[in-house]
Structure formats: C-alpha cells, structure tokens
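Taking it in order: structure first as structure tokens, then the write-up.
The values are calculated or read from the model by the stated rules, or taken from the named source; none is laboratory data. Model, not experiment: these values are computed from the prediction. Cβ placement follows ideal geometry from the backbone for every residue including glycine, while neighbour counts extend to all protein chains displayed. We work out accessible area using only protein heavy atoms, side chains counted, and drop any ligands, DNA or RNA first. Shrake-Rupley method; radii C 1.70, N 1.55, O 1.52, S 1.80 Å.
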Amino acid sequence: MSQKLQVIKQEVIGCEKCDLCKTRTNSVPGKGNFKSNVIFVGEAPGRNEDKNGEPFVGVAGKKLSAALDEAGVSREDVYITNIVKCRPPNNRVPTSTERETCQEYLKQEIAIIKPKIICVLGNTAFNSLLGGSEITKFRGKLVLKENQLYFLTVHPAATIYNQELIKVLNKDILKLFHLITELKNNKKVKIDIDYTS
Ligand code: URA
Ligand code: SF4
C-alpha cells in the first residue's frame, strides 16, 4: 500500500473528530489497490464492517463483489471506501456534520489514488460528492466536475431485495469498466452531465 494511504488509514483508525467514534467498534478505512483506476464510494460502514474494520464485507459487499465479477474485475484491483468511516448507530444516514467532518479523509484518498473515475454508490454519496438526489433517475450517467469524472449507480444494499436493481447495478458496473477502458485508450467518452459548463 502507498505510504500516504497507510498514514490516512492510521489516522482513521484513531480518529475522534466526530461523535460516531463513541458508538463504533472499529473505524473502517478505505481498502484496495492504490493504483486503481476507480474508487467506489459508499455511504457508511454497516454492522459487519464495524465488526471487521473493512468496507463492504456484509451482504451489500457481496452484491458489489458479484457485480465486479460479472464485469471480470477482481475486488483486489479496485479501491473501495465510504463517505464516513464509522458506523452510524442503527445504520441511520450520516448527518451533514458527520459527513463534513469526515470528508478530509476521502479528499486525501482521491488525491493520492487519482482515479480516472469515482463510482458513486447511492444517494448519500451522490448528495455528499455532487449535491445530487434521486440516484435512480441519474444512475448510469457520467458526470464531470472540477476536472474529475464521476459515474453514478445505485447502492448495492438497495439491490438486496430487488432483483431488477441487481440487473441495473451489474449493467452499470459493466458500463463503468467499459468507460475506463476507453479512457485508458485515450478515447473520447460521452459526458452526460457537465457541472463546469
Ligand atoms: N454499505 C455502505 O455504504 N458501506 C459499506 O461499507 C457497507 C455497506
Ligand atoms: Fe473520524 Fe470520520 Fe469516524 Fe467521525 S466518522 S470519528 S470523522 S473517521
């Protein structure tokens, strides 16, 4: 792992900057390949993640892994993290204060990894990173903001009781890696939403 990411990981593990530190079992730093072309950003750790200290290791994580598998991508090849690094009690949505307090870590993860695309998983990440809402309307789209590309899709947890959304997630992840291949080959990609214009 990159030295700088290792430093952030240790900071997250010991972080007491917001009240979520009081109720967590373990902080959950981002995990994965620091050379990844893509960072997946979820909402917050759930019960399993809080227990293990690793992101997306519960049922939602299985859905994400399955979608990656279908696209022929190994979890080891990508980097996975969350908007907030500690579990909110009863899995409530993290407050804006908690998100703002935690955002420095994500900013640093992005600055170090410099992903070609940030994959936004669900409404909380969509709202925190791009001020958006109604992810089901905007999923599948490629967004440009301040020189960074974002790809929008549904949260893997939303697919747990919804077979239709599993297909949507799998299809989106396939498109995501297709876009990454195009970018690696210096091909032009179609930007659906441009926040800079
Ligand atoms: N849901 C998330 O948003 N993040 C995780 O790490 C696990 C479940
Ligand atoms: Fe620190 Fe983020 Fe955990 Fe709050 S959620 S204690 S800011 S690591």
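Look through LYS167, LYS187 and report the one residue that is part of a helix (DSSP H, G or I) and without any contact (Cβ under 8 Å) to a residue 12 or more places away in the chain. Before the answer, list the steps.
Numbers: LYS187 fails: part of a helix (DSSP H, G or I).
LYS167 is the lone residue from the list that is part of a helix (DSSP H, G or I) and without any contact (Cβ under 8 Å) to a residue 12 or more places away in the chain.
Of everything in region 127-178, what is open to solvent by 40 Å² or more (accessible area, probe 1.4 Å) and among the hydroxyl-bearing types (Ser, Thr, Tyr)? Give them in sequence order.
SER128, SER133, THR136, TYR161
Going by the structure shown, is ALA44 within 12 Å of ligand 1 (Cβ to nearest atom), within 29 Å of GLN163 (Cα to Cα), under 13 Å from the mean Cα position of the chain (by Cα) and in a helix (DSSP H, G or I)?
Values: within 12 Å of ligand 1 (Cβ to nearest atom): yes; within 29 Å of GLN163 (Cα to Cα): yes; under 13 Å from the mean Cα position of the chain (by Cα): yes; in a helix (DSSP H, G or I): no.
For ALA44, the condition - within 12 Å of ligand 1 (Cβ to nearest atom), within 29 Å of GLN163 (Cα to Cα), under 13 Å from the mean Cα position of the chain (by Cα) and in a helix (DSSP H, G or I) - is not met.
(1) more than 16 Å from ligand 2 (Cβ to nearest atom); (2) open to solvent by 50 Å² or more (accessible area, probe 1.4 Å); (3) in contact (Cβ under 8 Å) with a residue 60 or more places away in the chain: which one isn't true of LEU68, the others all being true?
Answer for LEU68: the failing condition is (2).
Within region 97-111, is even one residue part of a strand (DSSP E or B) and in contact with a helix residue (DSSP H, G or I) (Cβ under 6 Å, 6 or more places away or on another chain)?
The answer is no; no qualifying residue exists.
Based on this model, can you work out whether VAL120 counts as away from ligand 2 (no atom under 16 Å from the Cβ), within 28 Å of LYS17 (Cα to Cα), open to solvent by less than 10 Å² (accessible area, probe 1.4 Å) and touching a helix residue (DSSP H, G or I) at 6+ places or on another chain (Cβ under 6 Å)?
On the way: away from ligand 2 (no atom under 16 Å from the Cβ): yes; within 28 Å of LYS17 (Cα to Cα): yes; open to solvent by less than 10 Å² (accessible area, probe 1.4 Å): yes; touching a helix residue (DSSP H, G or I) at 6+ places or on another chain (Cβ under 6 Å): yes.
Yes.
Identify, from the list SER27, SER65, the residue that is small (Gly, Ala, Ser) and in a loop (DSSP other than H, G, I, E, B).
Values: SER65 fails: in a loop (DSSP other than H, G, I, E, B).
Residue meeting the stated conditions: SER27.
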